[in-house]
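The structure under discussion appears below in the form of structure tokens.
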Amino acid sequence: MKRKVPVLLVLLVLIIAVLSFLIFYYGESLFFLFVGIFVMVAGIVTIGILQTIDLVKHDKLIDYETVEKYHLHLVDCPACKKENILEDQYCRYCGEQLKGDKNV
């Protein structure tokens with residue numbers, strides 16, 4: 001599985017931070033040092049949150065290539081009616097125990 005980092009956001013954070021540090025260095029304005037530090041910290045936190053949300057959302061997805069490769073069985077949850085893998089035994093959305101015919 002490939003995780004995609006929001007490259008545009010990383011570049012934007014780096015550009016703004018570098019510009020702030022350069023203005024601080026050449027203009028000797030302490031304000032821009034704090035702006036650069038704030039932008040770096042806020043950017044790192046934002047990227048971390050976005051990556052965490054992406055990871056949580058991806059955890060619920062079914063990889064149909066893997067299902068086919070290992071000859072797993074797909075069933076619908078009796079409670080929430082969402083598609084699951086029978087071998088998981090419990091629904092990945094609501095936690096209900098899955099029931100189905102393994103000889104499908």
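Numbers for the structure displayed
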{"read-out": "Global form of the chain, assessed from the alpha-carbon gyration tensor, a/c cut-off 1.5", "value": "prolate"}
{"read-out": "Under-5 Å amide H pairs with Glu96, H placed in peptide plane, nonlocal only", "value": "Cys91"}
{"read-out": "Cα-based helix-to-principal-axis angle, 30-59 vs the chain, degrees rounded to 10", "value": "10"}
{"read-out": "Note, ³J(HN,Hα) from phi for the range 93-98, Karplus 6.51, -1.76, 1.60, rounded to Hz, x at Gly and Pro", "value": "9, 10, x, 5, 6, 8"}
{"read-out": "0 to 90° range, to nearest 10: angle between helix 7-27 axis and the chain longest Cα axis", "value": "20"}
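Bear in mind that the values in this text are calculations on the coordinates, not laboratory data. Predicted, not measured: the structure shown is a model, and the values here were computed from it.
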